[in-house]
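The values are calculated or read from the model by the stated rules, or taken from the named source; none is laboratory data. Everything numeric here is computed off the predicted structure, so don't read it as measured data. Cβ sites come from the backbone with ideal geometry, for glycine too, and all protein chains shown count toward neighbours.
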Amino acid sequence: MNGCQSNLSQNIPLVDYFYDDPKNWAVLDSSIPIFASDYDIFFVYPTQIAKLPGYYFNWLSGSVGHDVHNYVALQNQRQFGKRVRIFAPFVPELDYEQYTQLLNANREILTDFYFTNTPMNVAIRFTVQALQNYMANYHKAKRPFFLVGCEQGAVILYEALRQCPKITADQGLLAVYLFGIPGLTAERIRKDFKKNNLVPAMGRLDLGVVAVINTRMPDIPLEETYCTPGGYVINPLNWSTDETIGSRDQHLGAVFYKRQEKFLKNRVVETPHFCSAEIDTENALINIFDLPKGETAKRQKELENEFRELILHEQALFSNAWGIFAKNISANAIERTQKYLFIKRVLKPSDLQED
């Protein structure tokens with residue numbers, strides 16, 4: 001995908017009703033009846049391009065949009081199953097090089113830094129309109145839904161949601177899952193989403209929450225991670241915010257996307273009991289360890305290289321990082337949905353947030 005041609009300028013015209021056009025959605029499951037699905041996922045994908053000749057990712061150029069559609073559709077379908085409606089707008093992200101430079105330039109002040117006054121604001125504005133379009137045209141009052149963002153997509157989604165204070169827990173927003181987003185503390189989340197009635201997730205079943213998941217693979221230097229001293233994360237294996245280890249037995253399955261596979265049916269790889277995980281509370285990172293072992297030293301080396309290639313060096317960059325806990329996330333979404341549907345006639349989501 002590195003040959004993408006972008007003719008989008010820094011001032012992309014965002015016209016009214018932009019997302020009324022289906023071609024501006026990577027996935028738009030609007031044709032699936034509400035009664036045939038259990039909940040909705042609104043998904044903002046991670047960085048897709050390593051280096052752009054232009055300024056922003058352009059999904060209308062060549063086969064790029066089709067490639068991203070395949071990734072978003074196959075990854076989410078394998079992760080969440082068929083009884084879920086997926087809504088994933090195309091957004092004009094920065095390329096990996098620009099995004100990394102932006103993070104590095106602000107690494108020391110990330111906990112006080114917002115991205116709305118940066119080149120990322122273009123994608124943020126688009127995502128605000130996409131969120132509003134989803135709520136106005138596809139969401140039914142009180143229907144459970146989840147917001148999911150990964151890496152650059154997580155930052156874009158976070159900032160867009162801050163600008164949509166009318167999208168609240170009381171409308172059915174059960175959880176926001178954010179993978180690979182720097183600079184977040186529990187206090188900042190409470191402050192930023194006070195009007196949305198959202199708080200940091202503190203357990204498995206609290207509703208109206210934001211769950212931050214920043215991982216660190218073995219042997220990766222700390223400076224190459226999304227470490228946030230004093231920050232907030234939650235472990236998807238046991239939904240704990242402390243150092244309690246989540247074991248491989250608790251790992252329900254990883255879902256990885258192999259973009260280089262010729263046949264679509266072979267692109268999604270599912271690996272049960274992929275790893276154990278433990279939170280480094282000092283740096284707000286989830287340390288990944290105890291990966292699958294090979295029967296021989298040679299096979300062990302092959303596995304290590306395969307996992308490293310899938311997670312760290314995939315052409316889609318960080319596309320697969322959030323797939324590490326894929327099945328635990330989908331199981332958790334079902335659990336939160338079931339709890340919400342069981343009690344929604346009695347209590348408001350704000351009454352169900354754990355201390």
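For every residue, the table says whether it meets (1) of a type in the set (Asp, Glu); (2) modelled with pLDDT under 65; (3) in contact with a strand residue (DSSP E or B) (Cβ under 9 Å, 6 or more places away or on another chain).
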{"site": "ILE279", "(1), (2), (3)": "no, no, yes"}
{"site": "ASN283", "(1), (2), (3)": "no, no, yes"}
{"site": "LYS298", "(1), (2), (3)": "no, no, no"}
{"site": "LYS301", "(1), (2), (3)": "no, no, no"}
{"site": "ARG308", "(1), (2), (3)": "no, yes, no"}
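So, in the stretch 222-254, of the ones that are farther than 20 Å from VAL176 by Cβ and of a type in the set (Val, Ile, Thr), which residue ends up nearest to the chain's Cα centre (by Cα)?
Taking the stretch 222-254 as the starting set, the residues that turn out to be farther than 20 Å from VAL176 by Cβ are 222-225, 227, 229-230, 242-254.
Those left that are additionally of a type in the set (Val, Ile, Thr): 225, 244-245.
Details: THR225: 16, THR244: 23, ILE245: 23 Å.
Out of the qualifying residues, it is THR225.
Exactly one residue among ILE156, ILE189 is buried (at least 21 other Cβ atoms within 10 Å of the Cβ), modelled with pLDDT of 95 or more, farther than 22 Å from PRO92 by Cβ and of a type in the set (Val, Ile, Thr), and that residue is ILE189. Of all residues in the stretch 56-83, those that are more than 27 Å from THR118 (Cβ to Cβ) have Cβ atoms under 7 Å from Cβ atoms of residues that are assigned to a loop (DSSP other than H, G, I, E, B) and modelled with pLDDT of 85 or more, 6 or more apart or on another chain, in ARG83/SER37; ARG83/ASP38. Quick check: is even one residue across the stretch 104-126 among the hydrophobic types (A, V, I, L, M, F, W, C), surrounded by fewer than 17 Cβ atoms within 10 Å (Cβ to Cβ) and part of a helix (DSSP H, G or I)? Yes: the stretch 104-126 contains one or more residues that are among the hydrophobic types (A, V, I, L, M, F, W, C), surrounded by fewer than 17 Cβ atoms within 10 Å (Cβ to Cβ) and part of a helix (DSSP H, G or I).
Within the stretch 30-71, the set of residues being over 20 Å from TYR96 (Cβ atoms) and in contact with a Ser or Thr (Cβ under 9 Å, 6 or more places away or on another chain) comprises ASP38, TYR39.
Per the conditions (1) modelled with pLDDT under 95; (2) of a type in the set (A, V, I, L, M); (3) buried (at least 22 other Cβ atoms within 10 Å of the Cβ); (4) outside any helix (DSSP H, G or I), the sole criterion not satisfied by ALA141 is (3).
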